[in-house]
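Here is the structure we will look at.
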Amino acid sequence: MSTPDQVRQRLRSEGKPLSQWARENGYAPQKVYRVMAGIDKGYYGDAHTIAVKLGLKPDPAQKTATA
């Protein structure tokens, strides 16, 4: 898992703004910014999926596969 700062650094090193990552992954940039800012906690729905894809939360599918 990563922190929002680590995600920003990773994207920065790839030369990719957060808005571009959002569009490439099929999300509205505003939703991604809300997850990164901690406004949307990522408990369910798109916010959860975004948090998992960004590496902010563990992937629940991997937990079930290893359990």
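The values are calculated or read from the model by the stated rules, or taken from the named source; none is laboratory data. It should be emphasised that the depicted structure is a prediction, and the values quoted were computed from it without experimental measurement. All Cβ positions, even for glycine, are placed from backbone atoms using ideal geometry, and neighbour counts span all protein chains on display. Accessible surface areas use protein heavy atoms only, side chains included; no ligands, DNA or RNA. Shrake-Rupley method; radii C 1.70, N 1.55, O 1.52, S 1.80 Å.
Please compute the contact order of the chain in relative form: average sequence separation of alpha-carbon pairs under 8 Å and at least six residues apart, divided by the residue count, as a percent.
Values: 49 pairs, mean separation 21.1, N = 67.
It comes to 32 percent, rounded to a whole number.
In whole percent, how big is the carbon plus sulfur part of the accessible area of the chain, probe 1.4 Å, protein atoms only? Display every interim value, and only then the final one.
Values: 2330 of 4500 Å².
Within the chain, the accessible surface is 52 percent carbon and sulfur.
Going through the chain, which chymotrypsin sites (Phe, Trp or Tyr not before Pro) have at most 10 other Cβ atoms within 10 Å and a DSSP loop state?
Qualifying residues, ordered by number: Tyr43, Tyr44.
Treating only the Cβ of Lys, Arg, Asp and Glu as charged (+1, +1, -1, -1), what charge dipole size does the chain show about its Cα centre? Round to the nearest 20 debye.
Details: 11 positive and 6 negative charges, 17 e Å.
That gives a dipole near 80 debye.
Quick check for you: with a 1.4 Å probe and neighbouring chains kept, what is the accessible area per residue of the chain, in Å²? Don't skip to the answer; put the middle values down first.
Details: 4500 Å² over 67 residues.
Dividing the accessible area of the chain by its residue count gives 67 Å².
Expressed in nm to one decimal, what extension gain is obtained for the pair Lys16 and Lys63 from 0.36 nm per residue of sequence separation less their Cα-Cα distance?
Values: separation 47, 0.36 × 47 = 16.92 nm, distance 2.93 nm.
That works out to 14.0 nm of additional length.
Compactness ratio of the chain: Cα Rg over 2.2 N^0.38 Å, N = residue count? Could you put the intermediate results ahead of the total?
Details: Rg = 11.9 Å, N = 67, 2.2 N^0.38 = 10.9 Å.
After normalising by residue count via 2.2 N^0.38 Å, the value is 1.10.
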